[in-house]
Each structure stands twice: as C-alpha cells, then as structure tokens.
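Visitor: Please see the structure below; I have some questions.
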Amino acid sequence: MNHEACIQAARDLAPLLREKAREAEVARRPLDEVIDAARASGLLSMMAPKRYGGYELDVDTFFEVVLILSEADAAMGWLIGFYIEHAFWLAEFPENVQDEVYGDADHVLAPAALNIGGGTAVPVDGGWRVNGRWSWGTGIVHSTWVMAGCLAMDSDGGATPMMFLLPRDAVETVDTWHISGMCGTGSLDFIIDDVVVPADRAVPFLGLLDGSWGIAARSGSTLYSTPLLPLLALAAGLPCLGAARGARAAFGEQMRQKIEATGTVKGEGNFGMIAEASLSIEAAELLMRSVLADMMARRHDASVEERSAWVAKVAHAVFMSRNATNTIASLVGASGAMLDNPIQRCARDINTAANHVVFERESRYGDHARQLFGQPITNTLV
C-alpha cells in the first residue's frame, strides 16, 4: 500500500467507526468488529518494517490517515493511530527481538505505557526482574505484546528510565476504565508481577526519544530518522483535531436538519461564536501541518529546542481544538446533552485526550516562553 491507498483505506474504514462509536463507548472497549476491520484494512502495517511486510510509509501518510479516522471517532482514531505509531517504537529493539514479535505477521498490536514511575526493574542473570502497575494501557484489550516504561535500578541505587517489551500473557489487566471520555479505547491498567524480561527486550527510554539507540542506522528508511516524541505528539494531537472537526460537521448537519424542518434559522446571535470556533479549528490544523512539514524537513537534524517548539505548537493546536469543541457543544441546544449525540461524545473525548502528559500545559508553554527569552528549556520529554 502506498500513500494514496492508505488514505482511501482510511476513508473506507471511517463509516464503520462512525457507526460503532456509541456502541464502543457504552462497551468501554474497542469492538472486535472494528479491530478486525482495521486489521483487514492494511493500515496497521503502515509504519512496520518492510522486512515483515510493512510499508514504512512516512509521517504525512500517518497524519492524513489518523485525522480521517479521528473525525469519524476520536477514540478509535486514537487507538488505531497508536497501534500504527508503536511499530516505530518496536523498530528500536534488536532485530532478533523484532523477528520474535512479528513472527509471520505484518503488524503488531502493542500498547506502550509512558508512566515511567509505574514500576521498577532490578538486574538478574540474563535480564531484568520487573514489577509494577501502569495506567493508560491503550490498546491492551486486543494486544499481542506490551511495552512498559519503568525505572531500572543499579547496584549503587541509581535509576535509568527503560522501556521493557513483554508478551501479552505476561501481564494482568485491571478494569479501571470508568471514565468520562475516550471510553471506547478500553485503556485498562495492567500489572507486571515479578516477571523476568530478557536483556535484549529492554531499551533506554531517552535513547528512544533522541534516536541515539540506533534506529536510523539499522534502517535506510526516512521514516525512522524522525524524532519519536514529536511523532507521539501528533499521534495524541490528531484525534483531538479530529474530534473538533467531527463536532463541527455534526453541528452543521444538525442545524441543517432543523432548518429543513422549520424553514427558519434560529440562533443567529451565536453565528459569530460558531464562526470563531470553526476558524480556530482550521487554524489548529494549519499549525499541526506546519509542524508536520518542519518534522519531515529537519528530522533528527532538529535541535532539542526545535523539537520542544514543535510539541508546544501541537499542544496549542490541541487546546484550540478543545476550546472550539466546547463552544460548539454549548451552542447546539438541549439535544447536545444527550449521550448519543456525536457532538457530546466529541466534547467528552477531547476533554479527556487533551490531558495527555505530552501536552502538559504549563511545561509546554513555559518552555516556549523560555526560548523567547533565550533561556534553556526544562522539559526533558522532547
């Protein structure tokens, strides 16, 4: 599949996501039917290495696909986008580990828990003994492997952030997923209880972020020369933009139906607010697209400060999208409070998704201001 084929596959998959969004929300988990359709679409192989049958397609394809899916259902756009993007993480592991993980498949369903403080690992012969509990296990319901970040302890009492890779049957899930938004992702907690992880299934977390762990050297693909954290910011940010676009589209459709039913236009006093919300959504998209263009032009040649600015811009686009969605939800009328109204779901989803750690407001805005004043940034998550 090439760029155009993936975009068409996303357009073909989107109606199913839109149709099943409320059912998945009520079920508090991704529907088997939707995951099966995502597998069949070929989209989950987008960032997988070619040696396993993947396409190694670039970030611009990812951008368009996740945005299309997220406008249909932000929760499934989030889930499918992270499944796709986590193939990038897996490419950081040694090839013998990737051979085991992929087997005969051309894609892997693997959540990645970022909360490094969730667990600890101590060295043992041949590897690490891992213990801990992690929240936000997006994708774990249908996963085949799991990535968990935790602190690897040394004999001197020091700790190094590491990412560990385990088969799904080595972790235990805990159903904590009672939440106001993004319900359909089924992002359960999971526990790792005294599991020994081989040494080659552990990679330094900071090495993943800055590309120093050798991903680009092991592959000639341009994709793998992209810094991971800005890509993660897009993976989390695009569903927010998609939710805003979905709310705007649903609002327009509901207003057209009211006009056709009554023959009149009501609420003209709100037109300015609606226009402002719509233009904010367009501005947010332009801001994200500018980050996409810079990422593809600079890749790992970008400085830490440039990467920090990219993430700050995506965060700002997310907050613009959230504010616009909340404005639309406040103006739709009494029907907008109904749980099955897609505008209500878009608002719930974006208000939850915008809280992702990568968008931590004070840190991102603070570092952006520091750069204006010629001061060093403080957030290491870049």
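Visitor: Quick one: if you stick a label point 7 Å off each Cα along the C-beta vector at V196 and A337, how many nm between them?
Guide: 6.0
Visitor: Shifting gears a bit: Using only Cα atoms, find the angle between the long axis of helix 304-331 and the longest principal axis of the chain, and express it within 0 to 90 degrees, rounded to the nearest 10.
Guide: 30
Visitor: Along the charge dipole of the range 226-372, which of P342, L241, V265 sits closest to the positive end, that is, farthest toward it, with unit charges on the beta carbon of Lys, Arg, Asp and Glu (+1, +1, -1, -1)?
Guide: Result: P342.
Visitor: Largest first and in whole Å, give the semi-axes of the range 112-204's equivalent ellipsoid, each being the square root of 5 times a Cα gyration tensor eigenvalue.
Guide: Working from the Cα gyration tensor, I get semi-axes of 25, 13, 10 Å.
Visitor: How far apart, in nanometres, would the label points at D125 and D301 be if each is projected 7 angstrom from Cα along the Cα-to-Cβ direction?
Guide: Going by the 7 Å Cα→Cβ label model, 5.0 nm.
Visitor: Compute the long axis of helix 32-41 from its Cα atoms, compare it with the longest principal axis of the Cα atoms of the chain, and write down the angle in degrees, 0 to 90, nearest 10.
Guide: 80
Visitor: Taking only the alpha carbons of the range 3-108, what extent do you get along each of the three principal axes, in Å, biggest first?
Guide: Dimensions of the range 3-108 along the principal axes of its Cα atoms: 41, 29, 19 Å.
Visitor: Please list the non-local residues whose amide H lies under 5 Å from the amide H of V146, H modeled 1.01 Å from N, same-chain partners needing a gap of 5 or more.
Guide: For V146, whose amide H was placed from the backbone, the distant partners under 5 Å are L166, R168.
Visitor: Using the alpha carbons of the chain, what is the convex hull volume per residue in cubic angstrom, as a whole number?
Guide: On the way: hull volume 53.1 nm³, N = 382.
Roughly 139 Å³ of hull volume per residue.
Visitor: A follow-up question, please. Taking a point 7 angstrom from the Cα of R361 along the C-beta vector, which residues in the range 269-312 have backbone N less than 17 Å away?
Guide: Within reach of a label on R361: 312.
Visitor: Let me ask you something else. Projected onto the charge dipole of the range 30-118 (+1 at Lys/Arg Cβ, -1 at Asp/Glu Cβ, origin at the Cα centre), which of L79, G42, V101 gives the Cα projection farthest towards the positive end?
Guide: Highest projection toward the positive end goes to V101.
Visitor: Output the antiparallel fraction of DSSP beta bridges having both residues in the chain, as a percent to the nearest 5. Mind showing how you got there, number by number?
Guide: Numbers: 29 of 33 bridges.
DSSP beta bridges in the chain are roughly 90 percent antiparallel.
Visitor: Calculate the FRET efficiency for E282 and R256 from the Cβ-Cβ distance with a Förster distance of 25 Å, rounded to the nearest 0.05. Walk me through the numbers on the way to the answer.
Guide: Numbers: r = 20 Å, r/R0 = 0.79.
So the FRET efficiency works out to roughly 0.80.
Visitor: Tilt of helix 3-27 relative to the longest C-alpha principal axis of the chain, in degrees (0 to 90, nearest 10)?
Guide: Roughly 80 degrees between the two axes.
Visitor: Among C6, S363, A317, flag the residue with its Cα farthest along the positive direction of the charge dipole of the chain, charges on Cβ as +1 for Lys/Arg and -1 for Asp/Glu.
Guide: Farthest towards the positive end: A317.
Visitor: So, one more: Fewest first, what order do L16, L188, L286 take by the number of other Cβ atoms within 10 Å?
Guide: The most exposed by this proxy come first: L286, L16, L188.
Visitor: By DSSP, what percent of the beta bridges with both residues in the range 73-178 are antiparallel, rounded to the nearest 5? Please list the in-between numbers first.
Guide: Details: 15 of 19 bridges.
Roughly 80 percent of the DSSP beta bridges within the range 73-178 come out antiparallel.
Every number here is computed from the coordinates shown, using simple stated rules; none is lab data. Here the structure is a predicted model, which means the values were calculated and not measured. Using ideal geometry, Cβ is built from the backbone for each residue, glycine included, and neighbour counts are taken over all protein chains shown.
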